[in-house]
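Reading through the structure tokens given below for one structure.
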Amino acid sequence: MSSQDIPEENLPAAQDAAHGAVDVADEKHPFADPGLPPHEHRIQDIDERAAKRSERTVALLFTVSMLATIGFIASFVAIPVDKSIYVWPLGHVGALNLALGLTLGLALFCIGAGAVHWGRTLMSDEELVQERHPIEAPADVRAQVFADFKQGAKESAIGRRKLIRNTMFGALTLVPLSGVVLLRDLGPLPEDKLRHTLWSKGKLLVNMNTHEPLRPSDVAVGSLTFAMPEGLEEHDHDFQNEIAKAALMVVRLEPGDIKDKQELEWSHEGIVAYSKICTHVGCPISLYEQQTHHVLCPCHQSTFDLSDGARVIFGPAGHALPQLRIGVNDEGYLEALGDFEEPVGPAFWERG
Ligand code: FES
């Protein structure tokens with residue numbers, strides 16, 4: 001094809017290509033006839049009723065998106081943070097997180113689906129050919145690259161020194177395996193160790209500062225006492241892990257101030273014991289506001305109401321703090337009446 005056969009609008013690109021080693025004058029110019037099949041009109045282009053239907057579908061998707069966004073805001077306002085529901089096959093999940101995820105996901109999906117449907121059915125349907133220069137390097141450049149490569153191989157003697165070549169390939173093949181071996185350090189799996197702590201029936205509550213067993217009279221109204229199970233010594237091999245799971249906050253409330261029925265049953269004369277480990281990402285909780293009975297996690301400000309089952313009243317934590325059922329033994333010391341009934345710490349561990 002000669003340059004006279006190229007449409008006028010394609011001439012600049014053809015002239016650019018002519019500066020390379022490929023002689024476009026001797027080849028069929030790709031922009032002149034890109035080889036597209038004959039254009040088929042969409043039904044919406046020839047039938048106004050079909051176009052109207054598409055318009056309504058797009059509008060419906062955008063409307064559903066608006067409703068989903070309203071649902072998102074309503075969920076945020078109406079669903080308590082610590083409410084959980086059972087969803088097969090996930091098990092117990094936070095109702096608020098589920099509602100927020102579903103509504104926001106639906107809102108975004110409908111915007112995307114509406115835009116795609118709009119584009120596919122109603123926007124301009126012209127077929128355009130985008131002019132591009134050939135991406136293949138000119139023949140002389142390619143020849144030079146191959147020549148350089150051969151020259152390099154010859155100078156390195158990789159063809160002649162087969163021993164070096166083979167051992168080099170062996171070394172390069174094996175070295176990535178080191179990364180695979182390091183995967184072992186991800187284990188062993190904790191299995192159900194995260195579900196249990198050192199608390200069990202009859203274990204005394206020991207003051208973490210004095211290491212003395214606690215009596216009810218040691219826990220004054222308005223004070224916050226930290227406790228751990230008896231028998232746990234600082235020089236124990238697993239002390240840090242065990243204390244991280246078993247640490248308790250012990251607080252005395254007026255029994256009349258306790259709003260949650262189970263909390264009252266699991267307490268002793270208004271003394272309640274809760275896990276000290278925040279259910280967000282596991283920081284130790286340390287701030288107590290005695291007038292409101294709120295405890296605050298210093299990491300991200302999750303706030304829990306100890307007078308109402310330690311439910312979350314503010315912040316990113318997804319679950320109430322687990323409560324330990326306590327009583328008093330024959331000698332008058334505070335003791336646990338069992339282990340926690342749910343895993344302590346971050347809420348992403350399965351609960352239920
Ligand atoms: S760890 Fe407690 S709020 Fe984040």
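The values are calculated or read from the model by the stated rules, or taken from the named source; none is laboratory data. Note that the structure is a prediction, hence the values are computed from the model and not measured. Here the Cβ positions follow ideal geometry from the backbone for every residue, glycine too, while neighbour counts run over all protein chains shown. Remember, those area values only see protein heavy atoms, side chains included, never the ligands or the DNA or RNA. Shrake-Rupley method; radii C 1.70, N 1.55, O 1.52, S 1.80 Å.
Figures for the structure shown
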item: Verdict on residue 237 being part of a loop (DSSP other than H, G, I, E, B) and either within 16 Å of the ligand (Cβ to nearest atom) or at pLDDT 90 or above (or both); result: no
item: Residue among 198, 205, 189 that is within 17 Å of residue 275 (Cβ to Cβ), aliphatic (A, V, I, L, M) and either in contact with a helix residue (DSSP H, G or I) (Cβ under 6 Å, 6 or more places away or on another chain) or modelled with pLDDT under 80 (or both); result: 198
item: Verdict on residue 60 being under 30 Å from residue 316 (Cβ atoms), open to solvent by 40 Å² or more (accessible area, probe 1.4 Å) and at pLDDT 95 or above; result: no
item: Some residue of the range 189-204 being aliphatic (A, V, I, L, M) and within 30 Å of residue 331 (Cβ to Cβ); result: yes
item: Out of 247, 227, 220, sole residue that is within 16 Å of the ligand (Cβ to nearest atom) and not acidic (Asp, Glu); result: 247
item: Criterion (acidic (Asp, Glu) and touching a Ser or Thr at 6+ places or on another chain (Cβ under 6 Å)) met by exactly one of 257, 330, 308; result: 257
item: Meets criteria (over 20 Å from residue 252 (Cα atoms), within 10 Å of the ligand (Cβ to nearest atom) and under 22 Å from the mean Cα position of the chain (by Cα)) for residue 319; result: no
item: The lone exception for residue 244 - which of (1) in a loop (DSSP other than H, G, I, E, B); (2) more than 21 Å from residue 331 (Cα to Cα) it fails; result: (1)
item: Residue within the range 114-127 that is open to solvent by 60 Å² or more (accessible area, probe 1.4 Å), more than 30 Å from residue 342 (Cβ to Cβ), of a type in the set (Asp, Glu) and at pLDDT below 95 present; result: yes
item: Selection count where residues are touching a Pro at 6+ places or on another chain (Cβ under 9 Å) and either more than 10 Å from the ligand (Cβ to nearest atom) or open to solvent by less than 20 Å² (accessible area, probe 1.4 Å) (or both), scope the range 290-316; result: 5
item: Tally of residues being of a type in the set (A, V, I, L, M, F, W, C) and without any contact (Cβ under 8 Å) to a residue 12 or more places away in the chain across the range 67-101; result: 10
item: Matching option when the condition is within 16 Å of the ligand (Cβ to nearest atom), over 25 Å from the mean Cα position of the chain (by Cα) and farther than 25 Å from residue 92 by Cα, among 287, 232, 253; result: 287
item: Failed item, numbered, when residue 108 is tested on (1) more than 30 Å from residue 37 (Cβ to Cβ); (2) open to solvent by less than 60 Å² (accessible area, probe 1.4 Å); (3) in contact (Cβ under 8 Å) with a residue 12 or more places away in the chain; result: (2)
item: Residue 295 of a type outside the set (Ser, Thr, Tyr), in contact (Cβ under 8 Å) with a residue 40 or more places away in the chain and not in a loop (DSSP other than H, G, I, E, B); result: yes
item: Test: residue in the range 325-347 that is within 16 Å of the ligand (Cβ to nearest atom) and assigned to a strand (DSSP E or B); result: no
